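Take a look at the structure set out below.
The values are calculated or read from the model by the stated rules, or taken from the named source; none is laboratory data. This one's a predicted model, so the numbers in the text were calculated from it and none came from an experiment. Heads up, the Cβs are rebuilt from the backbone with ideal geometry, glycines too, and the neighbour counts pull from every protein chain shown.
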Amino acid sequence: MKQKETLLNTLRLTDFDLDEIGDEHLSSSYSTPLREDAFEMSDELKIELIEKHFKEIMLILGLDLTDDSLKGTPHRVAKMYIKEIFSGLNPANKPKVKLFENKYKYNEMLVEKDITFFSNCEHHFVPIFGKAHCAYISSGKVIGLSKINRIVQHFAKRPQVQERLTVQIANELKNILQTEDVAVVIDAAHMCVSSRGINDISSRTVTSQYLGKFQEENTKNEFFQHIGSTTS
Ligand SMILES: [Zn+2]
């Protein structure tokens with residue numbers, strides 16, 4: 001019960017000028033801004049509280065929650081937030097990655113491209129979706145290919161800005177693989193740009209992070225050839 005009160009006391013909408021930051025899509029930090037007590041509350045309690053508050057939002061909008069089609073929505077949304085689309089906030093859900101010896105002595109770059117992901121813009125809470133292309137050069141260790149995909153999905157399942165998502169994936173690959181040589185490119189569409197606001201349905205956002213050897217022109221160009229990019 002005490003947990004409930006502490007959280008609710010902080011939910012005051014006083015920072016109106018934050019709106020401007022949101023619409024300009026500026027990001028402030030490369031680690032997700034989390035409260036110190038972010039994971040003290042159980043998932044079950046979080047679902048219960050979000051359900052209650054989402055119900056309030058729907059009521060304020062004027063919706064009739066006794067309608068058959070609407071009455072399950074607050075619980076569905078709450079469960080989806082905690083168990084699915086924002087499950088990557090919780091470090092306990094981080095994919096467990098096992099390292100293998102690079103037995104094949106494969107010393108070229110490994111590219112895992114066209115990894116489809118869904119995330120949500122932290123300024124509007126509407127989807128960001130697209131492809132991530134990741135590459136690394138082994139320093140003696142390798143990981144299962146599907147783990148790269150899982151790492152992308154983990155960081156995507158947070159309220160995000162694309163720049164931060166890109167850097168978080170690159171840093172994680174660098175730390176896990178114990179190599180400096182990592183590249184990540186993300187090409188995505190933002191529903192907050194297409195379905196509202198400026199209503200531009202064709203523009204895409206591309207972000208990249210090149211570390212170690214990927215900062216060198218030759219390595220970077222080889223990576224671009226693999227992912228089929230004409231940018232250099
Ligand atoms: Zn947005």
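Taking the condition among the charged types (D, E, K, R) and in contact with a Phe, Trp or Tyr (Cβ under 9 Å, 6 or more places away or on another chain), does Lys52 pass?
No, not satisfied.
Looking at Gln160, is it surrounded by 19 or more Cβ atoms within 10 Å (Cβ to Cβ), within 13 Å of the ligand (Cβ to nearest atom) and closer than 20 Å to Ser31 by Cα?
Criteria met by Gln160.
Got a sec? Which of Asn199, Asn149 is surrounded by fewer than 18 Cβ atoms within 10 Å (Cβ to Cβ), farther than 14 Å from Cys121 by Cβ and within 16 Å of the ligand (Cβ to nearest atom)?
Selected residue: Asn199, the only one of Asn199, Asn149 that is surrounded by fewer than 18 Cβ atoms within 10 Å (Cβ to Cβ), farther than 14 Å from Cys121 by Cβ and within 16 Å of the ligand (Cβ to nearest atom).
Determine, yes or no, whether Lys113 is of a type in the set (Lys, Arg), more than 16 Å from the ligand (Cβ to nearest atom), under 21 Å from Lys213 (Cα atoms) and outside any strand (DSSP E or B).
no
Determine if segment 210-231 includes at least one residue that is touching a Phe, Trp or Tyr at 6+ places or on another chain (Cβ under 9 Å), at pLDDT below 95 and of a type in the set (Val, Ile, Thr).
The answer is yes; a qualifying residue exists.
Quick test of your reading of the structure: Ser202 fulfils all but one of (1) assigned to a loop (DSSP other than H, G, I, E, B); (2) under 14 Å from Phe117 (Cβ atoms). Name the failing condition by number.
Result: Ser202 fails condition (2) only.
Any residue in segment 80-91 that is touching a Pro at 6+ places or on another chain (Cβ under 7 Å), within 16 Å of the ligand (Cβ to nearest atom) and modelled with pLDDT of 95 or more? Break it down stepwise before answering.
Taking segment 80-91 first, the residues touching a Pro at 6+ places or on another chain (Cβ under 7 Å) are 86.
When the remaining residues are screened for being within 16 Å of the ligand (Cβ to nearest atom), the result is 86.
Those left that are additionally modelled with pLDDT of 95 or more: 86.
Yes - at least one qualifying residue is present in segment 80-91.
Say we look at segment 127-140 and pick out the residues that are over 13 Å from Val182 (Cα atoms) and either without any contact (Cβ under 8 Å) to a residue 40 or more places away in the chain or surrounded by fewer than 19 Cβ atoms within 10 Å (Cβ to Cβ) (or both); which of these is nearest to the ligand (Cβ to nearest atom)?
Per the criteria, the residue is Pro127.
Output the number of the condition that Met191 fails; it satisfies all remaining conditions of (1) over 17 Å from Glu122 (Cα atoms); (2) of a type in the set (A, V, I, L, M); (3) within 16 Å of the ligand (Cβ to nearest atom).
(1)
For segment 116-126, how many residues are surrounded by 18 or more Cβ atoms within 10 Å (Cβ to Cβ) and more than 10 Å from the ligand (Cβ to nearest atom)?
The number of residues fulfilling the criteria is 2.
For segment 10-19, check the following and say yes or no: at least one residue is more than 16 Å from the ligand (Cβ to nearest atom), among the aromatic types (Phe, Trp, Tyr) and modelled with pLDDT under 60. Walk me through it before giving the result.
From segment 10-19, those more than 16 Å from the ligand (Cβ to nearest atom) are 10-17; that's our starting set.
This time we only want the ones that are among the aromatic types (Phe, Trp, Tyr), so: 16.
This time we only want the ones that are modelled with pLDDT under 60, so: 16.
Yes, there is a match, as at least one residue in segment 10-19 is more than 16 Å from the ligand (Cβ to nearest atom), among the aromatic types (Phe, Trp, Tyr) and modelled with pLDDT under 60.
Consider Phe100 carefully, then state whether it is at negative phi and in contact (Cβ under 8 Å) with a residue 24 or more places away in the chain.
Yes, satisfied.
Within segment 205-220, can you find the residues that are assigned to a helix (DSSP H, G or I) and surrounded by 12 or more Cβ atoms within 10 Å (Cβ to Cβ)? Break it down into steps so the answer makes sense when it comes.
Taking segment 205-220 as the starting set, the residues that turn out to be assigned to a helix (DSSP H, G or I) are 212-215, 217-220.
Result: Gly212, Lys213, Phe214, Gln215, Thr219, Lys220.
Condition first: outside any helix (DSSP H, G or I) and surrounded by 13 or more Cβ atoms within 10 Å (Cβ to Cβ). Now tell me which residues in segment 173-194 satisfy that. Walk me through how you get there before you give the answer.
Going residue by residue through segment 173-194, those that are outside any helix (DSSP H, G or I) are 178-190.
Result: Thr179, Glu180, Asp181, Val182, Ala183, Val184, Val185, Ile186, Asp187, Ala188, Ala189, His190.
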